[in-house]
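The values are calculated or read from the model by the stated rules, or taken from the named source; none is laboratory data. Only a predicted model underlies this, so the values are computations on that prediction, with no experimental measurement involved. Counting neighbours? That spans all protein chains shown, and the Cβs are built from the backbone with ideal geometry, glycine included.
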Amino acid sequence: MRADRPWGKAVVIGGSYAGLVTARVLADFFSEVVLVERDEVDEDTGAHPGAPQGYHAHAMLAKGGEILERLFPGLRAELKEAGAPVFDYGEGIDFLLPVGLAPRERTGVPVQTFTRDELERRLRRKVLAIPQVTLVPATQCTGLTRDSSGRVTGVTCQSQSDQLYSLDADLVIDASGRSSSLTDWLDEMGITVPPKRTVKAKVTYTSMNFDRPAQSHPDHPDYYVAYQMLFAPSVPRAGVLLAVERNRWTCSLFGFQDMPPTDDEGYLAFAESLTNPRLAEQIAMRSVQEPTRRYTNVDNQWRPFHTVKNWPDRLLAVGDSVCVFNPVYGQGMTVAAMEAELLQDMLKRHRASGRLDGLARGFQRKVGRLVLLPWTVSTNSDLMWSPKGQPLAVRFAHWYNTRLFHVAVKDAAVWTRFVRVVNMVASPALLFHPLVALKVLTVTPRRR
């Protein structure tokens, strides 16, 4: 034991993105961090085999990018060297709002676009290079162990060869994603978790990677992202085109109760049906493409662990194990990074006493507060696909947002405020400032 690492072993269940960023934080406080991963992965694995959404367009909001750069200094420069562009959100995105194009002006919010595959491979290599971290692949966690007081003391495991064994731990973190068995394990311990909250999105993603014109090419575009925003109930078809590493585009087409096709001809036809022509233009120019994939399981799901009063000590849950968001809003990876940062801050405070007892329940409560805002943003939007009978707060938020968009397309300062809020670097209160609210309340909405 060292003074800066006062605890022995932490076990992280799940070696995907959330597990990796959590392990990075734990390595500063524990002598040993064990990543138990059900799939056969190694340092060269990119998109996680057990994450079907990994092949689709991913957005790292500015807040998440800031946290990752603090945890992994130099990551942004490495990704840029691989061809993942860094640009100002306002200047680099051809953004079609439901009421018109957003201003193409500087916002001061830097973002970077890349594939989940590239990001996760680089994070995995960095985390596995940390001396304290050990990966145990192809191994399924089957339950929790605990002492007579109910405190969690480790996990039980089963390898692909059916070998059964236990791993003792001073702290256990569930980062196993939407398929987590944690609720069942807690039930076996006599701890009841209220039913998870689910808001169905009914959105299908179909995605493809293909070649992007080089910077010197005469057809090189003046944007890094082209986006048509899905917006209930008036815009049921949408899509996003992201410039990613190795001179490629990642394109994801979205349809509400409408599956974008996976065949080449149908894929292009769907893109041509969008109001933003940039996506179809680039798809039509492609000369090399990767397999087209579809993803349909996009419901919002929140397991309310923060409400469990007898939550056991030495057990934490993070990432999609707690809350799964509709990916169209790009919140999931940023929220997981924010949870890792929260854990880092709390462990720093507990390091002085060397005590881990009391950490777990406080952490889950704070995660509940952290998740509330992105959950509200995501679900309020998805609920409006069926606006009749929705709560007044949901309908008001939709009404306000619609009018805000009418202001933003003509007012770059209001658009900048919106961009800062969407990227989680500013509070939503920024959009209710009296000067903004007055513009929103007095704008005359125009038909497109």
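Which of the residues belonging to the range 335-355 are outside any helix (DSSP H, G or I) and on the phi < 0 side of the Ramachandran plot?
Answer for the range 335-355, where residues must be outside any helix (DSSP H, G or I) and on the phi < 0 side of the Ramachandran plot: ALA352, SER353, ARG355.
Restricting attention to the range 304-343, and to residues there that are more than 29 Å from HIS56 (Cβ to Cβ) and among the polar types (S, T, N, Q), which single residue is nearest to the chain's Cα centre (by Cα)?
So the residue we want is THR307.
In contact with a Leu (Cβ under 6 Å, 6 or more places away or on another chain) and either in a helix (DSSP H, G or I) or touching a residue at least 12 places away in the same chain (Cβ under 8 Å) (or both), is that true of PHE418?
When the stated conditions are applied, PHE418 does not pass them.
Do we find that MET338 is within 30 Å of LEU242 (Cα to Cα) and not assigned by TED's automatic domain parsing to the domain that holds THR145 in this structure?
Judged against the criteria, MET338 is not a match.
Is it the case that some residue within the range 63-70 is under 30 Å from ALA412 (Cα atoms) and among the hydrophobic types (A, V, I, L, M, F, W, C)?
Within the range 63-70 (the criterion being under 30 Å from ALA412 (Cα atoms) and among the hydrophobic types (A, V, I, L, M, F, W, C)), the answer is yes, since at least one residue qualifies.
Evaluate the following for GLY108: is it surrounded by 15 or more Cβ atoms within 10 Å (Cβ to Cβ) and at positive phi?
No, not satisfied.
Just to verify a result, which residue in the range 421-443, among those that are touching a residue at least 24 places away in the same chain (Cβ under 8 Å) and in a loop (DSSP other than H, G, I, E, B), is farthest from the chain's Cα centre (by Cα)?
Restricting to residues being touching a residue at least 24 places away in the same chain (Cβ under 8 Å) and in a loop (DSSP other than H, G, I, E, B), the top hit is VAL443.
Is it the case that GLU43 is in the same structural domain as SER180 (by TED's automatic domain parsing), within 18 Å of ARG116 (Cβ to Cβ), crowded, with 18+ Cβ neighbours inside 10 Å and more than 18 Å from the chain's Cα centre (by Cα)?
Taking the combined requirement at face value, the residue does not satisfy it.
Scan the range 366-385 and give yes if some residue there is free of Cβ contacts under 8 Å to residues at least 40 places away in the same chain and not in a helix (DSSP H, G or I), otherwise no.
no
Tell me which residues, restricted to the range 276-295, are exposed (fewer than 14 other Cβ atoms within 10 Å of the Cβ), over 25 Å from the mean Cα position of the chain (by Cα) and assigned to a loop (DSSP other than H, G, I, E, B).
Matches in the range 276-295: SER287, VAL288.
Taking strands (runs of 3 or more DSSP E) that fall entirely within the range 139-258, which contain at least 2 residues that are surrounded by fewer than 19 Cβ atoms within 10 Å (Cβ to Cβ)?
139-146, 152-159, 164-168, 197-199, 203-211
Could you please let me know if GLY14 is modelled with pLDDT of 95 or more and farther than 25 Å from PRO327 by Cβ?
In short, no.
Tell me, yes or no, whether the range 402-413 has at least one residue that is surrounded by 13 or more Cβ atoms within 10 Å (Cβ to Cβ), of a type in the set (Lys, Arg) and not assigned by TED's automatic domain parsing to the domain that holds ALA232.
yes
Please go through the range 79-131 and pick out each residue that is over 28 Å from HIS398 (Cβ atoms) and acidic (Asp, Glu).
Matches in the range 79-131: GLU81, ASP88, GLU91, ASP117, GLU118, GLU120.
Tell me yes or no: at least one residue of the range 332-340 is under 24 Å from PRO260 (Cβ atoms), in contact with a helix residue (DSSP H, G or I) (Cβ under 8 Å, 6 or more places away or on another chain) and touching a residue at least 60 places away in the same chain (Cβ under 8 Å).
yes
Being within 23 Å of ASP258 (Cα to Cα) and touching a Lys or Arg at 6+ places or on another chain (Cβ under 8 Å) is the filter here, so list the residues in the range 211-227 that pass it.
Within the range 211-227, just ALA226 meets the criteria.
In this structure, is ALA243 under 29 Å from THR402 (Cβ atoms) and either at pLDDT 95 or above or acidic (Asp, Glu) (or both)?
No.
Residues in the range 185-197: is at least one among the hydrophobic types (A, V, I, L, M, F, W, C), on the phi > 0 side of the Ramachandran plot and in contact (Cβ under 8 Å) with a residue 12 or more places away in the chain?
No; the residues of the range 185-197 include none that is among the hydrophobic types (A, V, I, L, M, F, W, C), on the phi > 0 side of the Ramachandran plot and in contact (Cβ under 8 Å) with a residue 12 or more places away in the chain.
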